[in-house]
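K.L.:
Below: one structure in structure tokens.
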Amino acid sequence: MKRLLLLMVVLLVAGSLSALAEHHQGPEEVAFETTIGTISFLHIKHQGKISDCTECHHKGIDEGKCTGCHTLDGVEGVPKAKRAFHGQCKGCHKNSSGPTRCKDCHIKD
Ligand code: HEC
Ligand code: HEC
Ligand code: HEC
Ligand code: HEC
């Protein structure tokens, strides 16, 4: 009985720790809905290739989503989403093996 209880405690702690780690690492995949199709961004795959998180999360990972600041319509002093994402995503892809053609990112449903 004691052992069972201990096992349960260990499992509970392990479970909440991994949930915490998952939250900190962010989503596996992000879908951006746009007027010309949906972009499926494999966050986890990119994380595996780029070791420095702040290469993308330039304000730090605790600042939340890019789209919290970079909106489609734009806010004073913050570049619009299209400019920010195209700049960062395509900017890196041009120098690597990532896609740069519109229809390779914006997939029509
Ligand atoms: C290639 C660029 C890129 C890299 C590298 C990257 N991320 Fe992200 N991350 C993104 C994008 C894009 C989103 C989705 C933002 C949005 O929805 O506006 C995101 C989302 C997140 C979120 C969720 C934010 C929220 O509030 O919902 C977390 C947490 C996160 N990333 C952590 C990390 C960590 C930790 C690393 C490094 C191990 C990392 N990211 C590396 C681009 C990147
Ligand atoms: C807390 C708000 C905030 C968050 C979160 C944020 N940015 Fe930014 N970003 C800015 C501001 C403000 C600028 C203008 C320059 C500066 O102050 O750094 C900027 C500039 C940029 C630029 C340069 C654009 C240009 O052409 O001048 C890119 C690219 C960019 N952000 C991409 C991203 C991406 C991708 C994410 C998420 C992974 C992200 N940003 C998260 C606020 C934010
Ligand atoms: C710092 C470099 C870098 C940045 C920034 C980056 N990517 Fe990539 N991306 C890559 C590389 C390298 C590949 C090729 C991976 C492969 O095929 O093995 C790739 C592949 C892709 C692919 C092809 C399918 C896949 O996921 O493997 C898509 C779609 C993609 N990226 C979308 C994006 C989007 C959207 C952003 C911006 C939010 C982004 N990427 C930012 C480097 C980057
Ligand atoms: C590397 C991936 C990638 C490529 C290549 C790409 N885009 Fe995008 N595009 C994005 C991302 C990510 C967003 C931001 C979506 C968001 O903020 O929800 C975006 C936003 C947009 C928007 C604004 C979305 C809206 O609903 O108003 C338009 C328009 C657009 N792209 C057109 C294009 C065109 C045209 C091309 C080719 C010349 C292109 N994109 C190439 C990833 C890409």
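K.L.:
Taking region 41-64, which residues are under 22 Å from residue 108 (Cα atoms) and within 11 Å of ligand 2 (Cβ to nearest atom)?
P.N.:
41, 43
K.L.:
If I filter region 94-108 down to residues being touching a Gly at 6+ places or on another chain (Cβ under 7 Å) and not aliphatic (A, V, I, L, M), which single residue comes out as surrounded by the most Cβ atoms within 10 Å (Cβ to Cβ)?
P.N.:
If we take residues in region 94-108 being touching a Gly at 6+ places or on another chain (Cβ under 7 Å) and not aliphatic (A, V, I, L, M), then 106 is surrounded by the most Cβ atoms within 10 Å (Cβ to Cβ).
K.L.:
Right, something else. Here are some residues: 67, 38. Which one is modelled with pLDDT of 95 or more, more than 15 Å from ligand 2 (Cβ to nearest atom) and either among the small types (Gly, Ala, Ser) or under 16 Å from the mean Cα position of the chain (by Cα) (or both)?
P.N.:
38
K.L.:
Here's a follow-up. Those residues that are exposed (fewer than 14 other Cβ atoms within 10 Å of the Cβ), over 16 Å from residue 58 (Cβ atoms) and within 14 Å of ligand 1 (Cβ to nearest atom), I need them from region 76-93; list them, please.
P.N.:
82
K.L.:
Among the residues of region 51-75, write down those that are on the phi < 0 side of the Ramachandran plot, surrounded by 13 or more Cβ atoms within 10 Å (Cβ to Cβ) and more than 10 Å from ligand 4 (Cβ to nearest atom).
P.N.:
53, 56, 57, 69
K.L.:
If I filter region 82-102 for residues that are among the aliphatic types (A, V, I, L, M) and more than 9 Å from ligand 4 (Cβ to nearest atom), do I get at least one hit?
P.N.:
The answer is no, given that none of the residues of region 82-102 is among the aliphatic types (A, V, I, L, M) and more than 9 Å from ligand 4 (Cβ to nearest atom).
The values are calculated or read from the model by the stated rules, or taken from the named source; none is laboratory data. None of the values given here were measured: they were computed from a predicted structure. Neighbour counts run over all protein chains shown; Cβ positions are idealised from the backbone, glycine included.
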